[in-house]
Amino acid sequence: MFCPNCSADNRREQNYCRSCGLKLDSISRSVAEQFPSVEYAKLQKKKELFEKLGLGSLAVTGAIGLGMILSKAAYYKLILFGSEVLFWSAFGALVLFGLLSVFFFNYPKLFMKFEKVNPKICDRRGGQELDG
């Protein structure tokens, strides 16, 4: 434990600081009271795990439901229009969303001017953000 008065490193079982003589036992008790108990920390971790598992199972449920709806729509589209229309509409969607992803990834680099907002963060040469 570090002494709050002089920053000297002391062992936990010491009652007084070796350097300045400050009484440490009451300080260590008050610091220990601020931390949760081991049982509470375990319960909190278990709660977070179950929340993540619940979100994951909900996402899988949504994906299965969406897949069922899309497969039914594709089936009826296949019956009504034939396999060629289904293939070319899927190909068109693939190209469209590919172009949209390229646009969304490049939009900040092309149109957002970070150097105008905070020039200290940006590099002077290219206007790119610095890491750290």
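The values are calculated or read from the model by the stated rules, or taken from the named source; none is laboratory data. All of these numbers come straight from a predicted model, not from anything done at the bench. Backbone-built Cβ (ideal geometry, glycine too); neighbour counts: all protein chains shown.
Looking for something modelled with pLDDT of 85 or more and either in the same structural domain as P4 (by TED's automatic domain parsing) or surrounded by fewer than 11 Cβ atoms within 10 Å (Cβ to Cβ) (or both) - is there at least one such residue anywhere in segment 111-124? Within segment 111-124, none of the residues are modelled with pLDDT of 85 or more and either in the same structural domain as P4 (by TED's automatic domain parsing) or surrounded by fewer than 11 Cβ atoms within 10 Å (Cβ to Cβ) (or both).
With the structure loaded, tell me whether L96 is assigned to a helix (DSSP H, G or I), modelled with pLDDT of 85 or more and not small (G, A, S) or whether it fails that test. For L96, the condition - assigned to a helix (DSSP H, G or I), modelled with pLDDT of 85 or more and not small (G, A, S) - is met. Considering segment 6-45, the residues that are surrounded by 11 or more Cβ atoms within 10 Å (Cβ to Cβ) and in a helix (DSSP H, G or I) include one that is modelled with the lowest pLDDT, namely V31.
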